[in-house]
Each structure stands twice: as C-alpha cells, then as structure tokens.
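Reviewing the structure listed below.
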Amino acid sequence: MKKYIAKRVLNALFVVWLVATVVFFGLRAIPGGPVRTMLGAEATEEAVNRMRAELGLDQPLYVQYVEWMIDLMTFDLGQSLTSGEQISVMMASAVPRTLSIALIGVVVGLGIALPTGIISATRKGQRSDYVATVAAFLGLSMPAFFIGILLALVFGVWWGVLPIVGYAPLQEDGIVEWFRRILLPGISVGVPYAAVVMRMTRSSLLEVLDAEYMRTAKAKGVGRTTRLYKHAMQNALIPVVTVAGIQIALVLVGSVTVELVFGIQGIGRLLVDAILDRNYPVTQAVILLVASIMVFMNLSVDIIYTFLDPRIRYGDEAS
Amino acid sequence: MSNDHTTAGRSDSDALDPDERERIARRYRDESPVESTENRGVYRRIRDQILSDKKAIFGATMVLLFVFTAMFAPMIAPYEQDETFGINQEPNSYSEGDYTGNGEIDRVWHVLGTDSFGHDLFTRIVFGARISLLVALTTVAFAFTVGTAIGLIAGYYGGLIDELLMRYVDFQWAFPSIILAAGLIAFLGGLGVTNVVIAIGVAFIDDFARLVRGEVLSIREEEYVLAARAIGTSDRRIMTKEILPNAVAPIIVQMTLMIPLAIIAEAALSFLGLGVKPTTPTWGLLLAEGRQYINQAWWISVFPGLAIMVVVLAFNMFGDSLRDAFDVKQSEVSEK
Amino acid sequence: MTMLQIENLRTEFETPRGTVTAVNGVDLHIDNGEIVGLVGESGSGKSVLAQSVMRLVEDPGEITADELLFKGEPLLEKSEAEMTTIRGNEISMVFQDPMNSLNPTITVGEQIAETVRLHQDIGESISLPAEMKRKIIGASKASESWRRAIEMLESVQIPHPESRATDYPHEFSGGMRQRAMIAIALSCEPDLLIADEPTTALDVTIQAQILEELHSILEVFDTSILLITHDLAVVAETCDRVNVMYAGEMVERATTRELFSNPQHPYTQALLASTPQVETAVEELEPIPGTVPEPIDIPYACHFAPRCPEAKEECFEVDPAFRRVGSEDHEAACIRRDPVDGEVIENE
Ligand SMILES: Nc1ncnc2c1ncn2[C@@H]1O[C@H](COP(=O)(O)OP(=O)(O)OP(=O)(O)O)[C@@H](O)[C@H]1O
Ligand code: SF4
Ligand SMILES: [Mg+2]
C-alpha cells in the first residue's frame, strides 16, 4: 500500500510540474508576447523593453524557466501587473472565500446526494425513487450561477432573509455571519454536485444490490438493514468516491461563477479580472492553483480508495 | 450404462418427422405474440425501446423544438434582435413609441418583458438559442474529432505513444473544463464565438480520448480485429472500419451528454464576461445582465436561465435514454 | 421422514415481454439424509427452483405452491423474519458462481463467522452497530465465531486456515472460494443443503475434491442435499435419486440406478445420449437439436414436443401426465409411455 500511495504522490507532483511548465511556455508562446499584448500596439519599443526587463522576459528562456520554478517552490507567485500587489497576498484573501463556498457546496451536496441515492436505490421504481430521479435531472440541468440567481432572488430580493452581496471573513465577523453569507452560494454549487453524486450512488448501489454476493448474504440469513450497510455500502461507495472526487471540479467551477452572482472576491473574480486585464502573472497563478487543488483532490480519492477496496490495499495493482 | 434405448422410439410409425414438428411448433408459436419479438434486429429493438420511453420522447421533442427555434429564429422572434423598446418592461407588458418610424405611435407587446437595454427578451432568447446550438455542435464536433483521434491512436498502438498521449489527457483531466477554457480564452486573447468554440472544444477533448481509448483496448484483442490484422489490413483501415464502428454506441451517448455540457460552458463563459462579444444575444450574457438588475427586473435572468435549464434537461434525458437503449454503462461515459 | 416436500410449485416473473414461468408446477421431495439430483439443460429453471425453496427470488418473482413443506412446516406462510432465521441455519445454499458469490470487501473468515453469530447462540451481538464495527475495525480473533470460522475452513481443507481467514476473497483461488462458500453453508450444520452447480466453474480435479467433500458432509453433519447440475456423470456418482427438469417442468424422476439403466422420457434419453459416458465413443454423442424454449407462454402442451423425436400431433395438445414407467418410484411425464400397472398420476 505504501508503494501505491508513494506512486500516486509522485504522479500528482508530476502533473503539477507539467501544468506549471505548460503554463510557463504557453504564456510565452502568445503571438507578440504578453508585453506587446498588454501594452497595446501603439506602445513604444522602449516601453516594451522596459516592461520586458521588469518581468525578466529579456533573459534566456531556460533562465526564466529555472527562476519561475524556484519562485514557485518558495510560493513566490510574483506581482500583479495592474496593482503591483503580491499575488500571494491576493491569493491569501481570495482562496478562503472560494474554498468556503466549495466546502459548503460539498457538504450540502454529499448531505443531499448520499441519503437520496440510497433511498432511491432501495426503493427502486417507487414514488420516492421517481421524485428523486426527476429532482436529480433538474439539478443536473441548472448551472450553479442560475441556481445562485434564483436563490438570491427568492431569499434576498423577495423575502429579504439573507444578504446577497459580499463575504464575511470567519476570523473577523464570526461563524454566524460567515455562514449567512456563504450559505446561498454554497447551496448553489452544491445542488448540481448533489445531482451528479446522487445519480452515481443510485446506479452503483443498484448494481451492488443485484450482485451475487448480496444474494449469498440473504441466503445466509443476514437481515435487510445489515445487508444494506454492512454488505452493500462499501462496495457501492467505491465508484461514488471517484465521482465525488472528480466532480469537486464542478464545485470549483461553480464557485467561480457563483462568486460573481454574490459579489464575493474569490479566485473566480480574480481570474476573470486578470484575463480581461491581460494580467498574465495573476492568470497563471490562478490556473496553477486550481490545477493543484484538482490534483490534490484526485490524490485524496486515490488514498480513500485504498481504504475502501481491499484489492488495492493489498497491492493488487492490476485492479 | 449404454444408450441403445435412445433410439428405441424413433422407428415408431406415427412419430412426426422433424420438418413436420417444426411446422406444427411454428403454428403454435405464431399465435403467441412473444416469439415475434425475438427475431427483431438490434436497431428495431433500440428504436422500440426509445419510442416506449417517455423520458426519451420528452427529451427528443424538446431538443427538436430547440433546434427548430435556433434555425428559424428570425421567423419565430417577433422583433429584430437589436431592436430596442422601453427598458426593463415587465413580462406581458407593452411598449409605446414610434418604432416603425412612420410617425405613428406603435403599441408593442413583450411576452417576457424587455431587458435593461430595451431589447425584447423573448426575441433575445430566441436568437440566443442560435449561439447556444452553434457553439454546442461545433465544440462537440471539434472535441469528438480530436479526442477520438487521440484515443484511437493511443489505444491502438499502445506503448510510448499511448503513454505520451494519455499523460497529456491526464494533465487536461486535472483541469475543470471551464477553468481550462478560460485560460485558453486568455491565451487566444479576445472574445468572440470562434475563441469560445476553440476554448470549450479543447477543454472537452479528454472526455472523448479516454472513452475511445477504453473502447479500443477492449475491442483490440477481439477476434475480428485480430483476423483483419492477420490478413494484412492497414492500421488505418482497421481503426476506422473495424474498431470505431464497434465503439459507436458509447460515443453517440457521450456526444449527446456533452452537448448540454457545452451549452452550460458557453453560458458560464459568457456569464463571466469571457465569452462572446457583449452585444451578441446569448443566454449567459442575459443572465449576467439580469443579475445586475435583480432588484428591478427579475425576468431578465429568470427566463434565459429557464431556457438553459429546459434545453439541458432535454438533452440529458434523451442522452440518458439512449444510454439505456444502447446498454452503455453509466460509468463508461463521463458527466461533468 | 421427509425433509422437503414440494407440490405444484410455480415461480413467475412479470417482465415487459410477458410472464416468465421459470418453474411451472413442479413436485419434488427429499428425504432425510438423501442426496437428490436435479438435472436439465441451461435455462430449464433449476436455479430458480432452488431459490424459490429458500424464498430468495427477487422482486418481480412470484412464488406459489400447493405445498412447500420443510420438515413439515409450510415455508410460504412464514414471515420474512422467520425465513431469516431458517436461511443459512436450517437450509443453506452454495451458489453456481464461486467467483462472485463472496463479498469482495469482507474477509473470508468474517463471512463465515457472521453466519455462525447469526444463528448460534454464542453471545455475540449481531446488532447493526456491532456488525459495522466488526466490518470497519475487523472482527475479534478471540471470539467464538472466529474460532468456528477457522474450524470450518479447516474442515473444507483450506491450508493454514488461521492466516487465510483474514484474507479477502480476491486472494483465494476459484476452488478455494467454492470451499469457502461450502464452509459458510455448512457452518451452522443445516438440515438441507442446496448446491447449485457447485462444480461447474471449476476444473476437473477440483470438481472431484468438492464432490468428495459433499459426500463426507453427509456423513459428518447428516445433511440432506439437493444437488443441481447439468453434468450427468456427477449425478451418477453422487445422488440417490434424480429429477429431470425441462423448460420449467419436471419430466422424469427415479432412483439414480433406475434412471441410468432405464431412462424413459425422450428428453432424458436425449440428454443421456448427448453426454459422454465411459463406454461411449465421442463420435456417438448426439447433441439434442434445438434449444430450450423461453418459458413465456409456451403454447404447446408437452414443452419438449418441438425437439422430441417421438412427438406426434397429440403431444402438442394433451398435457403429459406423470405415469409410473418402471420399478420403484420411476415416473415420467410423456403420453407415449405406457403406464406400468396402468397407473397415471394426474396433474392438477
Ligand atoms: N429474475 C428473472 N426475471 C426473469 N426471468 C428470469 C429471472 N430469473 C430467471 N429467469 C428465467 O428463468 C429461466 C430459468 O432460469 P434458471 O437460472 O433457473 O436456469 P438454470 O436451469 O439454472 O440454468 P443454468 O444451468 O444455466 O444455471 C430462464 O429462462 C431465465 O431466463
Ligand atoms: S409427450 Fe410427446 S413430445 Fe412430449 S416427450 Fe412424450 S413423445 Fe415427446
Ligand atoms: Mg442455474
């Protein structure tokens, strides 16, 4: 098992390095270079050269590359071109906001998806299954930002029970205010996530309930509830964990758009502004961050897997 | 033990001969409706299953309605896409003014109201369907072409090529597709339909590549492929004539399920302001505008949002039914 | 005394294509300490019959019977809770497919120990929290149930049972898995063991070992066995009596010796002719032409008629009643067999 995890960690690091490299070269492959694009066609040659020197773009490519890698390892992400602020400082304020939304989203999502999926599968073909399936389809069909707007409309504009603009940092405003401001965005990103995970839970559990070993359990005289939780659940969760992990991407993307709905200055806002301002250092930092989060998520999935699937736990790499 | 006895009865004179038996058996079977279903072809079975699936019928109907709306937008929309009337008009209200320029006051009906520029919302939504459909079809076609090629080559040749290509796909897999698309927009430098198509198209490549590679790996060692290889059929021919047709079912399902994802991706990019140019009528831009005026005009965001929802729902339902009919596993195709 | 007494058992599945009558009015009885064989081609309804006895048939399945008596008690009238105490305890089953019949995420030892805990009063909690705890942190190796599990593994000849008990099923070979299944089935010393093709998925030497085991079980535990197979050689070696099934119906029953020396029903005869036997040269084997019909509204009276070399028009119309066709209890359902002593056993 140690070997397996070590392999996964190495693989994750490799992917992060690959992303960093691609971002590095991709940026320098922009026709005319970032500086030209940034300053516009009318900029003087002198201004362009000054800018290039400032950014270290006048050095040989390999030097730049090595420097960029060293900077990355020391978490020095450079400065914003527009404000001159340290990107790491900007991140420190933006990341908790986005992660707060994502966290509520995942909690809400799993909180809805797992029970609903289980009920739906164990009552296949009954009314509750039907209702849950239709609800999941609807959830799957609404982009998070639309759910956000609907929630803002109902709870903010019409009922006026929750604020719909801005964020309240946990340390400064306390948990209640933080939660009040993060709840609607969290639900918005949680609903599509719940829909995807619920569908997977349902189909995976149905498949497991149909498995021959479940019939064996029944033939041994194991009761219904014990069959469901002791014999079926772990097997059913194996594919659910994969989907729940990969679909964190859905929650992150959702957060990026939902931040704009609720006027929260998270990494979504950061990314959009950076792209529109051609603020390349910020753009690359955000992209690298998101990719790292995803790689970390996948790594977590792989590790959770080792606890769920004995075939992996005992070094049976083939499966 | 011996088996002499097994022939004992056969000399019996009144036993029926096999042909006669078959004839009588058939006479009995013909009365039963069951036997006739047995000989149906695969296609008829699939067609019948889809036709008997309410979910599929609903999905297909709505999809057709959507395509129809997109194609005939100028005829369906009551006004020109850029025509402006009174701003932030409620649904089912009227604008009054000289819109035809003939000196008389016209009274213009807005079934869904108007937006903050005074565009008739229904007209904008109808024209928005065009962008959605156009972007969705071209992105999926693009991702399909490139992704299938990568998957085929990786799966078929294996080894180093496979390793390299799949490394790339894994790398792309690490990105949420909209973030990747946003990054590509940054790289392509500028807004517009073409850039949106390229960005989303590239971002969806990995889904097809993975799917096709998986199918190829499972088909590659099948007898008919080995046979084709043994008689010296060229690799390209084997890939396109033998392997691809057998992976058609999951690919079709995947495409049907990617279209709504592309629609959502386009809407999300436009909503973020990273998509088409701000004057283009799209659902995502309307939603962004509606968010701004959420206190004054809820309809600007709600109706385009519902449009997205209905269209995406329709494709998802249809795709889901296709998957059932083709008997493709849920885990085989990806949903994001 | 009779262990199992079945009369007119029907098991039907409502499907979109019609009602599948997988078991169609079957009679069967098993005496104490007997090994009874059930043979028939694939799809003839053997597994469904076996599962019907334990009421394991899943949802669209409907079981009805004039009599389904186990040790004189009507199983169909028992509640699900009562069935739970019977399954695995008084009646247990070994399934057809050893590769998929064990739970991949529970250790083999625990899968046996669990059965022991459920049915034997050894003072270990079987509440859900207790079971989940065992699942997550592992069962106690000092418990009585674990000790019994190791004993059972030993008795089915798994080498190093103490250490193998903590293995997961994927670490077992196919033959070992089937033995583990047998260990589970026997762990509570059932009165009736239903073995559904226990050897089909295994290679010949392991087959022989497993059959050997079944024999010794009978002696040690005094268990009645219903042995399902389509391998006539296995039946000839193991069983006291044989029942032949075709398309959901019984067609012939007799003692093993009688059936092999004097098969009467044309289907049984064809089945024997299609099976390799010691004295038969392979060229002489005659496969039965055609296939078992799907058991959905079979419109003709004798289900074998379209494949029967002796069929005549009447066979398609008149239900073949069972009649005595030889010594002892030898009966067959074929209208073209003259009843011995004129005894025809009317079907309902
Ligand atoms: N759950 C079910 N729903 C519908 N039909 C079923 C179901 N289970 C079994 N059948 C049908 O019942 C018939 C008998 O199946 P069964 O599994 O009992 O055959 P078998 O004699 O055990 O064959 P084999 O030797 O292959 O195990 C088959 O035609 C099968 O298709
Ligand atoms: S009843 Fe007729 S068809 Fe049926 S087995 Fe006897 S001879 Fe053959
Ligand atoms: Mg069977």
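The values are calculated or read from the model by the stated rules, or taken from the named source; none is laboratory data. Keep in mind that this is a model prediction, so the values were computed, not measured. Cβ sites come from the backbone with ideal geometry, for glycine too, and all protein chains shown count toward neighbours.
Sort out for me the strands (runs of 3 or more DSSP E) sitting completely within region C:42-114 that have 1 or more residues that are of a type in the set (Asp, Glu) and more than 16 Å from ligand 2 (Cβ to nearest atom). Talk me through it step by step, then tell me what you get.
Working: elements: C:61-64, C:67-70, C:91-94.
Ranges flagged: C:61-64, C:67-70.
Only one of (1) within 9 Å of ligand 2 (Cβ to nearest atom); (2) in a helix (DSSP H, G or I); (3) at pLDDT below 85 fails for C:ASP341. Which number is that?
(1)
Filter region A:11-29 down to the residues that are under 11 Å from A:MET69 (Cα atoms) and out of contact with any helix residue (DSSP H, G or I) (no Cβ under 7 Å at 6 or more places or on another chain) and list them by number.
A:TRP17, A:THR21
Going through C:PHE70, C:PHE13, C:PHE95 one at a time, which residue ends up being over 14 Å from the mean Cα position of the chain (by Cα) and within 16 Å of ligand 1 (Cβ to nearest atom)? Talk me through it step by step, then tell me what you get.
On the way: C:PHE70 fails: within 16 Å of ligand 1 (Cβ to nearest atom); C:PHE95 fails: over 14 Å from the mean Cα position of the chain (by Cα).
Of the residues listed, the single one that is over 14 Å from the mean Cα position of the chain (by Cα) and within 16 Å of ligand 1 (Cβ to nearest atom) is C:PHE13.
Of these, B:LEU121, B:LEU152, B:LEU137, which one is in contact with a Pro (Cβ under 9 Å, 6 or more places away or on another chain) and not polar (S, T, N, Q)? Steps first, please.
Values: B:LEU152 fails: in contact with a Pro (Cβ under 9 Å, 6 or more places away or on another chain); B:LEU137 fails: in contact with a Pro (Cβ under 9 Å, 6 or more places away or on another chain).
Residue meeting the stated conditions: B:LEU121.
Give region C:288-297 a look and list any residue that's more than 8 Å from every other protein chain (Cβ to nearest Cβ) and either under 24 Å from the mean Cα position of the chain (by Cα) or within 12 Å of ligand 2 (Cβ to nearest atom) (or both), or say none. Outline the logic, then answer.
Start the filter on region C:288-297 by keeping residues that are more than 8 Å from every other protein chain (Cβ to nearest Cβ), which leaves C:288, C:290-293, C:295.
Matches in region C:288-297: C:ILE288, C:THR291, C:VAL292, C:PRO293, C:PRO295.
Of all residues in region A:218-236, count the ones that are surrounded by fewer than 23 Cβ atoms within 10 Å (Cβ to Cβ) and either in contact (Cβ under 8 Å) with a residue 40 or more places away in the chain or more than 7 Å from chain C (Cβ to nearest Cβ) (or both).
Of the residues in that region, 5 qualify.
Filter region A:247-274 down to residues that are facing chain B (nearest Cβ under 8 Å) and closer than 17 Å to B:PHE175 by Cα, then give me how many there are. It would help to see each step written out before you state the result.
Going residue by residue through region A:247-274, those that are facing chain B (nearest Cβ under 8 Å) are A:247, A:249-250, A:252-253, A:256-257, A:260-261, A:268, A:271-272, A:274.
Right, trim to closer than 17 Å to B:PHE175 by Cα and you get A:247, A:249-250, A:252-253, A:256-257, A:268, A:271-272.
Of the residues in that region, 10 qualify.
Considering only region A:294-311, I want to know if a residue exists there that is part of a helix (DSSP H, G or I) and of a type in the set (Lys, Arg). Full working, then the answer.
To start, the set of residues in region A:294-311 that are part of a helix (DSSP H, G or I) comprises A:294-308, A:310-311.
Remaining after also requiring of a type in the set (Lys, Arg): A:311.
Yes: region A:294-311 contains one or more residues that are part of a helix (DSSP H, G or I) and of a type in the set (Lys, Arg).
Residue by residue through region C:158-214, note down the ones that are in a helix (DSSP H, G or I) and among the β-branched types (Val, Ile, Thr).
Within region C:158-214, the first condition is being in a helix (DSSP H, G or I), and the residues that meet it are C:161-164, C:169-171, C:174-186, C:204-214.
Passing the criteria: C:ILE182, C:ILE184, C:VAL204, C:THR205, C:ILE206, C:ILE210.
Need the failing condition index for C:GLU189 against (1) surrounded by 17 or more Cβ atoms within 10 Å (Cβ to Cβ); (2) away from ligand 1 (no atom under 16 Å from the Cβ), just the number.
All conditions are met except number (1).
Considering only residues that are away from ligand 2 (no atom under 16 Å from the Cβ) and under 13 Å from C:LEU9 (Cβ atoms), look in region C:19-29 and name the one that is farthest from the chain's Cα centre (by Cα).
Taking region C:19-29 and keeping what is away from ligand 2 (no atom under 16 Å from the Cβ), we get C:19-23, C:26-29.
Add one more test, that the residue is under 13 Å from C:LEU9 (Cβ atoms), and what stays is C:21-23, C:26-29.
Details: C:THR21: 18, C:ALA22: 15, C:VAL23: 13, C:VAL26: 14, C:ASP27: 14, C:LEU28: 12, C:HIS29: 13 Å.
By that ranking, first place goes to C:THR21.
Test of understanding: among C:ILE182, C:ILE225, C:ILE217, C:ILE206, which residue is surrounded by fewer than 22 Cβ atoms within 10 Å (Cβ to Cβ), more than 14 Å from chain B (Cβ to nearest Cβ) and among the β-branched types (Val, Ile, Thr)? Please lay out each step first, then the result.
Working: C:ILE182 fails: surrounded by fewer than 22 Cβ atoms within 10 Å (Cβ to Cβ); C:ILE225 fails: surrounded by fewer than 22 Cβ atoms within 10 Å (Cβ to Cβ); C:ILE217 fails: surrounded by fewer than 22 Cβ atoms within 10 Å (Cβ to Cβ).
Among C:ILE182, C:ILE225, C:ILE217, C:ILE206, only C:ILE206 is surrounded by fewer than 22 Cβ atoms within 10 Å (Cβ to Cβ), more than 14 Å from chain B (Cβ to nearest Cβ) and among the β-branched types (Val, Ile, Thr).
Going by the conditions given, is C:MET99 within 16 Å of ligand 3 (Cβ to nearest atom), under 15 Å from A:MET214 (Cα atoms) and at pLDDT 90 or above?
Working: within 16 Å of ligand 3 (Cβ to nearest atom): yes; under 15 Å from A:MET214 (Cα atoms): yes; at pLDDT 90 or above: no.
So C:MET99 fails the test.
Testing B:ILE252 on (1) at the interface with chain A (Cβ under 7 Å from one of its Cβ atoms); (2) out of contact with any Ser or Thr (no Cβ under 8 Å at 6 or more places or on another chain), one condition comes back false. Which one is that?
The number of the failed condition is (1).
What's the number of the only condition in (1) within 22 Å of the chain's Cα centre (by Cα); (2) in contact (Cβ under 8 Å) with a residue 40 or more places away in the chain; (3) outside the structural domain of C:VAL57 (by TED's automatic domain parsing) that C:GLY109 fails to meet?
Failed condition: (1).
I need the full set of residues from region C:321-335 which are crowded, with 17+ Cβ neighbours inside 10 Å and in contact (Cβ under 8 Å) with a residue 24 or more places away in the chain, in order please. Steps first, please.
Residues of region C:321-335 crowded, with 17+ Cβ neighbours inside 10 Å: C:322-326, C:330-335.
Matches in region C:321-335: C:PHE322, C:VAL325, C:GLY326, C:HIS330, C:GLU331, C:ALA332, C:ALA333, C:CYS334, C:ILE335.
What's the number of the only condition in (1) over 19 Å from the mean Cα position of the chain (by Cα); (2) of a type in the set (Gly, Ala, Ser); (3) within 16 Å of ligand 3 (Cβ to nearest atom) that C:SER42 fails to meet?
Only one criterion is unmet by C:SER42, namely (1).
Would you confirm whether or not region C:262-273 contains a residue that is modelled with pLDDT of 85 or more, part of a strand (DSSP E or B) and of a type in the set (Gly, Ala, Ser)?
No, there is no match, as no residue in region C:262-273 is modelled with pLDDT of 85 or more, part of a strand (DSSP E or B) and of a type in the set (Gly, Ala, Ser).
Would you call A:GLY166 surrounded by fewer than 22 Cβ atoms within 10 Å (Cβ to Cβ), touching a residue at least 12 places away in the same chain (Cβ under 8 Å) and either of a type outside the set (A, V, I, L, M) or not in a helix (DSSP H, G or I) (or both)?
Values: surrounded by fewer than 22 Cβ atoms within 10 Å (Cβ to Cβ): yes; touching a residue at least 12 places away in the same chain (Cβ under 8 Å): yes; either of a type outside the set (A, V, I, L, M) or not in a helix (DSSP H, G or I) (or both): yes.
When the stated conditions are applied, A:GLY166 passes them.
Quick check, is B:GLY128 modelled with pLDDT of 85 or more and either under 30 Å from B:PRO91 (Cα atoms) or hydroxyl-bearing (Ser, Thr, Tyr) (or both)? Before the answer, list the steps.
Values: modelled with pLDDT of 85 or more: yes; either under 30 Å from B:PRO91 (Cα atoms) or hydroxyl-bearing (Ser, Thr, Tyr) (or both): yes.
Answer is yes for this residue.
If the Cβ limit is 8 Å and pairs must be 6+ apart or interchain, which residue in region C:57-69 that is touching a residue at least 12 places away in the same chain (Cβ under 8 Å) pairs with which residue that is within 16 Å of ligand 3 (Cβ to nearest atom) and assigned to a loop (DSSP other than H, G, I, E, B)?
C:ILE63/C:VAL57
Find the helices (runs of 4 or more DSSP H) located wholly in region B:157-260 whose residues include 3 or more that are in contact with a Lys or Arg (Cβ under 7 Å, 6 or more places away or on another chain), and list them. Explain how you work it out, then say what you get.
Numbers: elements: B:159-173, B:177-188, B:193-203, B:205-220, B:223-230.
Hits in region B:157-260: none.
Which condition breaks for C:GLN51 when tested against (1) out of contact with any Pro (no Cβ under 7 Å at 6 or more places or on another chain); (2) within 11 Å of ligand 3 (Cβ to nearest atom); (3) over 15 Å from C:LEU193 (Cβ atoms)?
For C:GLN51, the exception is condition (3).
Report the residue count in region A:122-171 for those that are of a type in the set (A, V, I, L, M), more than 27 Å from the chain's Cα centre (by Cα) and within 14 Å of chain B (Cβ to nearest Cβ). Before the answer, list the steps.
Of the residues in region A:122-171, the ones of a type in the set (A, V, I, L, M) are A:131-132, A:134-136, A:138, A:140, A:142, A:144, A:147, A:149-154, A:157, A:161-162, A:164-165, A:168, A:170.
If we keep only those that are more than 27 Å from the chain's Cα centre (by Cα) too, we end up with A:131, A:157, A:161.
Next, from what is left, pick out any that are within 14 Å of chain B (Cβ to nearest Cβ): A:157.
Counting residues in region A:122-171 that are of a type in the set (A, V, I, L, M), more than 27 Å from the chain's Cα centre (by Cα) and within 14 Å of chain B (Cβ to nearest Cβ) gives 1.
Could you grab me the full set of residues in region C:29-56 that are more than 7 Å from ligand 1 (Cβ to nearest atom) and within 14 Å of chain A (Cβ to nearest Cβ)?
C:ALA50, C:GLN51, C:SER52, C:VAL53, C:MET54, C:ARG55, C:LEU56
This table checks each residue for (1) assigned to a helix (DSSP H, G or I); (2) within 26 Å of A:LEU153 (Cα to Cα); (3) among the small types (Gly, Ala, Ser); (4) away from chain A (no Cβ under 11 Å).
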{"site": "B:ALA267", "(1), (2), (3), (4)": "yes, yes, yes, no"}
{"site": "B:SER270", "(1), (2), (3), (4)": "yes, yes, yes, no"}
{"site": "B:THR279", "(1), (2), (3), (4)": "no, yes, no, yes"}
{"site": "B:LEU285", "(1), (2), (3), (4)": "yes, yes, no, yes"}
{"site": "B:VAL302", "(1), (2), (3), (4)": "yes, yes, no, no"}
{"site": "B:GLY305", "(1), (2), (3), (4)": "yes, yes, yes, no"}
{"site": "B:ILE308", "(1), (2), (3), (4)": "yes, yes, no, no"}
{"site": "B:VAL312", "(1), (2), (3), (4)": "yes, yes, no, no"}
{"site": "B:LEU322", "(1), (2), (3), (4)": "yes, no, no, yes"}
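Please work out if C:GLY109 is more than 12 Å from every other protein chain (Cβ to nearest Cβ) and at positive phi.
Values: more than 12 Å from every other protein chain (Cβ to nearest Cβ): yes; at positive phi: no.
No.
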